[in-house]
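Colleague: Below is the structure I would like to discuss, written out as structure tokens.
The values are calculated or read from the model by the stated rules, or taken from the named source; none is laboratory data. This one's a predicted model, so the numbers in the text were calculated from it and none came from an experiment. Because the Cβ atoms are built from the backbone with ideal geometry, glycine has one as well, and the counts that use them run over all protein chains shown. Note: areas computed on protein heavy atoms with side chains; ligands, DNA, RNA excluded. Shrake-Rupley method; radii C 1.70, N 1.55, O 1.52, S 1.80 Å.
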Amino acid sequence: MPTLLSKSAPLALATALAMAPMIAPTMALAVPAGGYGDLVEQVSPAVVFIEVTATANATAQLPEGMPENLRKRFQQQMPQRAPQQGLGSGFIISDEGQIVTNHHVVAGAQEVKVTLADGREFQAEVIGSDAATDIALIRITADVDLPFVRFGASDAMRVGDEVVAMGNPFGLSSTVTSGIISGKARNINSGPYDEFIQTDAAINRGNSGGPLFNNAGDVIGVNTAILSPDGGSVGIGFAVPSDLVQDVVADLSDDGSVTRGWLGVQIRPMSDEVAQVLGLDAPKGAVIEAVSKDSPAAKAGLTKGDIIVSFAGSDISELRDLTRAVARTDPDETAAVTLLRRGEQIVVDVKIGVLAPQET
């Protein structure tokens, strides 16, 4: 299981590595006094158990250009590694058998097996995967109708709203936990587009890729990570918000990859001293430290020391605001960038480029 570290405790990804019948939500599904039984019965058929087999490739460590006779000799002497097994969760989003899960659940998979709540098993194909947001799209093919759920608007959720998490922690299929949204737009330093929903609904290893539902039965997040000193749930879990997931899934379903905009600058936060000089109540914006050669920023005339305060109409309060705004902009689209240069506010039009794929 991959692990991320925070300042206070290990942040462990919650995985064990870690006309079809649409399941139609109803606004009448406010939490009843008796619990979530009706909601669970309605949506659980679309929540799946994922088993992954990844074969370790020892020969990939051999240097390129090695003479064939030496390569064969080394391959014969190398110990054979046993296939690696992993577990996770997911949920069906279309009658075509498309399933959303986490990138880290299926990364490097040689074989992906999906088991439905009713016990049916299918071999799945990985359509595409995005490491930057930890979202993957896989697909199963069935000659029978498949149940599926739909996305809700994560931005409409409030801190304190009740949620239900479903998945397969530790391989225990069809497990349900409940809680509230404890926080929004959390940055846990796992990637450049962090904007997690925080919840106290119990999330454990194997829950990765499972859905986080609102009371109407809409998916408002994909359970992805936990903050934990020992790998178990301590009531601090994180889900990728559905508004972001839908954009990524749409891109992956198109061609199996995600295309993001590129500006071509290195940035840092504004200091308190600079904010005081500019007469600001608090630091804001993104200060350009360097501009990449031949980048969209360079061609538009952006320079070191410029402070970006708005991008394509979106205010830039902190660095990740700019990172996300640029990534959401289609390549070749022209964006208006408002910046402060030597205390004067100016607007520059920038034609956005394509961000090269990066390891995350």
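Colleague: For the stretch 245-323, what is the accessible area per residue in Å² when the probe is 1.4 Å?
Modeller: On the way: 4110 Å² over 79 residues.
Accessible surface, normalised per residue, equals 52 Å².
Colleague: How would the stretch 174-324 be classified by its alpha-carbon gyration tensor: rounded, prolate or oblate, with rounded meaning a/c under 1.5 and the a/b versus b/c comparison settling the rest?
Modeller: Prolate.
Colleague: Considering only protein heavy atoms and a 1.4 Å probe, what is the carbon-and-sulfur percentage of the accessible area of the stretch 181-291?
Modeller: The computed percentage sits at 43.
Colleague: Taking only protein heavy atoms into account and a 1.4 Å probe, give the accessible area per residue of the stretch 97-191 in Å². The partial results should precede the final answer.
Modeller: On the way: 4110 Å² over 95 residues.
Result: 43 Å² of accessible area for each residue.
Colleague: Heavy atoms only, probe 1.4 angstrom, no DNA, RNA or ligands counted: give me 284, 351, 113 ranked by accessible area, highest first.
Modeller: 351, 284, 113
Colleague: Label-point separation (nm) for residue 85 and residue 125, each offset 7 Å from Cα along Cα-to-Cβ?
Modeller: 2.7
Colleague: Can you send over the solvent-accessible area of residue 328, 1.4 Å probe, protein chains only, in Å² to the nearest 10?
Modeller: Approximately 140 Å² for this residue.
Colleague: Grab the beta carbon distance between residue 113 and residue 234, set R0 = 25 Å, and tell me the FRET efficiency rounded to 0.05.
Modeller: With a Förster radius of 25 Å, E is 0.25.
Colleague: Here is a further query. Multiply the residue gap between residue 159 and residue 315 by 0.36 nm, knock off their C-alpha separation, and tell me the result in nm, one decimal place.
Modeller: Contour length minus Cα-Cα distance gives 53.9 nm.
Colleague: Let me ask something else. Counting only C-alpha contacts under 8 Å and six or more residues apart, can you give the relative contact order of the stretch 96-224 as a whole percent?
Modeller: 24
Colleague: Also, quick follow-up: Kindly state, to the nearest 0.05, the FRET efficiency for residue 41 paired with residue 356, given R0 = 51 Å and r defined as their beta-carbon distance.
Modeller: Numbers: r = 46 Å, r/R0 = 0.90.
Calculated value: 0.65.
Colleague: Let me ask you something else. I'd like the FRET efficiency for residue 187 and residue 247, computed as 1/(1 + (r/R0)^6) with the beta carbon distance as r and R0 of 30 Å, rounded to 0.05.
Modeller: 0.95
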